[in-house]
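The values are calculated or read from the model by the stated rules, or taken from the named source; none is laboratory data. Since the structure is predicted, the reported quantities are computational estimates derived from the model, not experimental observations. Neighbour counts are summed over all protein chains in view; Cβ atoms, including those assigned to glycine, are modelled from backbone coordinates with ideal geometry.
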Amino acid sequence: MTLSALGIFSAAGAGGVVADTSFDLIETVILGSSAASITFSSLGTYSSTYKHLQIRGTARSNRATFSIDTLQILFDSNAMTRGHRLCGDGTTVFSAAENSVAEISTDVATSGSFGAFAIDLLDFYSTSKNKTVRGFSGTMSADAGGFTGKEVQLSSSFRDSTVAITAVTLDPLFGANLVAGSRFSLYGIKG
């Protein structure tokens, strides 16, 4: 049985694969030096074309006390009202009430390791809906103390406001900086 027969790929022409075109790359930022945060501004310019936005990236912070850091998200400089996350490391599962949208590696983690994530901003410009964010991230690192930071995180956050979002900022929750080489790409979803 072929993968196409299983519905995993769609055939196009003579055996080609059709790419998913529902996401449009809008902007990519790759840090050349460390920064306290990353901001995508002027989101209102995308409101007539896109219903939802997604931020995909790989990032690392210079946090010096633990091999994992978490990213928080701010809409127009305002923190989310409520949030929760569910994490697992292959052995233990835990949850927390925290406005974290992604986990990333740190400077005490394995050299060169970056956490990867995808964060969805749903109905970002709607003035009739409260704002909801969902995130999926993973890290694979270890620190000098032997802690293995292999984690997968599912998260969601809520902002009790129907105000349209015009800017979104991501920054490390524990006050560290994002390091050079961290990459953030903004995608639009026409929905």
If I filter segment 143-191 down to residues being basic (Lys, Arg) and at pLDDT below 85, which single residue comes out as surrounded by the fewest Cβ atoms within 10 Å (Cβ to Cβ)?
Lys150
Does Gly135 satisfy the condition of being within 20 Å of Ala35 (Cα to Cα), touching a residue at least 12 places away in the same chain (Cβ under 8 Å) and crowded, with 16+ Cβ neighbours inside 10 Å?
no
Among what's in segment 102-122 and is in contact (Cβ under 8 Å) with a residue 60 or more places away in the chain and in a loop (DSSP other than H, G, I, E, B), pick the residue that is nearest to Thr169 (Cα to Cα).
Phe114
Of everything in segment 55-101, what is within 15 Å of Val168 (Cβ to Cβ), in contact with a Lys or Arg (Cβ under 8 Å, 6 or more places away or on another chain) and not in a strand (DSSP E or B)? Give them in sequence order.
Met80, Asn99
Quick check on segment 34-54. Is at least one of its residues surrounded by fewer than 17 Cβ atoms within 10 Å (Cβ to Cβ), assigned to a strand (DSSP E or B) and at pLDDT below 90?
no
Residues of segment 123-138 being in contact with a Lys or Arg (Cβ under 7 Å, 6 or more places away or on another chain) and either more than 18 Å from Gly83 (Cβ to Cβ) or in a strand (DSSP E or B) (or both), in sequence order, are Lys131
